[in-house]
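The next block holds one structure in the form of structure tokens; read it before the comments.
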Amino acid sequence: MTNYIFTPPTVREGLEGTKRLFSFFGLDRGVSVKKVAGVYSTTRFEQDGADGISQYDEYYIGGHKYVVSDATRTALINATIGIDSTNFTPA
């Protein structure tokens, strides 16, 4: 069985401000991926806390790396939530 390192997607965010200087800065923020009742989705700001997260089938915190199986990789790509083969590297 092949394993992969999964990196959840990111979103580019800029700094707040109206001056020209602010347009030069940006940060990549991690987007979390969760699976609830067999359905994958993405979330930016999890509201459920630790108790809610424990109820999920799977949960991948944005900005971290995870080792996943080939079956999980295929399921994440097929979920059409913005994850493709570029989010995975061979482990």
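Just so you know, all these numbers are worked out from the coordinates, no wet-lab data involved. Everything numeric here is computed off the predicted structure, so don't read it as measured data. Here the Cβ is made from the backbone with ideal geometry for all residues, glycine too, and neighbour counts use every protein chain on show.
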Checklist outcome for this item: Within segment 30-39, restricting to residues that are out of contact with any Phe, Trp or Tyr (no Cβ under 7 Å at 6 or more places or on another chain) and surrounded by 10 or more Cβ atoms within 10 Å (Cβ to Cβ), the one that is farthest from G63 (Cα to Cα) is V39
Checklist entry - If we keep just the residues of segment 43-86 that are in a strand (DSSP E or B) and without any contact (Cβ under 8 Å) to a residue 40 or more places away in the chain, which is farthest from N3 (Cα to Cα)? => result T43
Checklist entry - Looking at segment 1-30, which of its residues are in contact with a Gly (Cβ under 8 Å, 6 or more places away or on another chain), touching a residue at least 40 places away in the same chain (Cβ under 8 Å) and outside any strand (DSSP E or B)? => result P8, P9
Checklist entry - Given the residues L27, L15, L76, which is the only one that is surrounded by 12 or more Cβ atoms within 10 Å (Cβ to Cβ) and in contact with a strand residue (DSSP E or B) (Cβ under 7 Å, 6 or more places away or on another chain)? => result L76
